[in-house]
Amino acid sequence: KCRYGSGAAYLYKYGLYAGYNLEIIGRNETGSWIVIRAIGGTNPCWVKASLLDIHGDVMSLAPTWLPLPQSPYYGPVTGAWTVREGNKVIISWNPINLRAGDDSLQYPYLVEAWLCQQGQVKFVPIGSWETIVTVEDEPGCPEASHARVYGVEKHGYTAWVTVPWP
């Protein structure tokens, strides 16, 4: 499955067929997800690297970012807040009320979190059916942890909202 972002939490964009030759044009920080497109194509998407037979060194490509498609119908979520309990951070926000037919049948919320784990800040995308998620965030990183939350519907993503970090 090709997705709009580097993780299963992102909306499905389109399917791939076995045996197709694709062009790899980017990767995430770890190389576990790559950006592909048809050779000479103009419709890139993200796919989990372990699902492909890759020829070459993915890590020789620069880390890449692709913009998420914006929802034309919904504004950002509201009421984002957090509570820290030791290394656990609970993130919550107010629900968005989707019109009939706008449900993507996938996660209606996306949290993009940069969390301190084992001394390094790691990017962790989290899809959620609920308006609350709990993440692990350890002390000891040189840069600050942070997160943002999106509403998700079949046309795209709401503008993201910065989560106040405890």
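The values are calculated or read from the model by the stated rules, or taken from the named source; none is laboratory data. On a predicted model such as this, the values are computed, not experimentally measured, just so you know. Positions of Cβ are generated from backbone atoms using ideal geometry, with glycine treated the same way; all protein chains shown enter the neighbour counts. Surface accessibility is based on the protein's heavy atoms, side chains included, excluding ligands, DNA and RNA. Shrake-Rupley method; radii C 1.70, N 1.55, O 1.52, S 1.80 Å.
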Notebook entry, point to check: Expressed as a whole percentage, what fraction of the accessible surface of the chain belongs to carbon and sulfur atoms when a 1.4 Å probe is rolled over the protein heavy atoms?
Noted result: 54 percent
Item checked: Under the Karplus curve 6.51 cos²θ - 1.76 cosθ + 1.60, θ = phi - 60°, whole-Hz ³J(HN,Hα) for the range 56-69, x wherever Gly or Pro sits -> x, 9, 4, 5, 6, 8, 6, x, 10, 10, 10, x, 7, x
Note to self: From the phi angles alone, apply the Karplus equation (6.51, -1.76, 1.60; θ = phi - 60°) to the range 136-141 and give each ³J(HN,Hα) in whole Hz, x where the residue is Gly or Pro.
What the structure shows: 9, 9, 8, x, x, 9
Next item on the list: For R3, R99, write out the residues from largest to smallest accessible area, computed with a 1.4 angstrom probe and no ligands counted.
Entry: R99, R3
Next item on the list: Would you calculate the separation in nanometres between label points at K88 and A100, each defined as 7 Å from the Cα along the Cα-to-beta-carbon direction?
Entry: 3.9 nm
Next item on the list: Taking only Cα atoms and a 10 Å spring cutoff, compute GNM fluctuations for the chain and point out the largest among Y73, Y20, Y150.
Entry: Y20
Check: Using modelled amide H (1.01 Å from N, peptide plane; none on Pro or chain starts), what sits under 5 Å from the amide H of V163, excluding residues fewer than 5 places away?
Finding: A147, R148, V149
Next item on the list: Hey, can you find the accessible area per residue of the chain for me, probe 1.4 Å, expressed in square angstrom?
Entry: 56 Å²
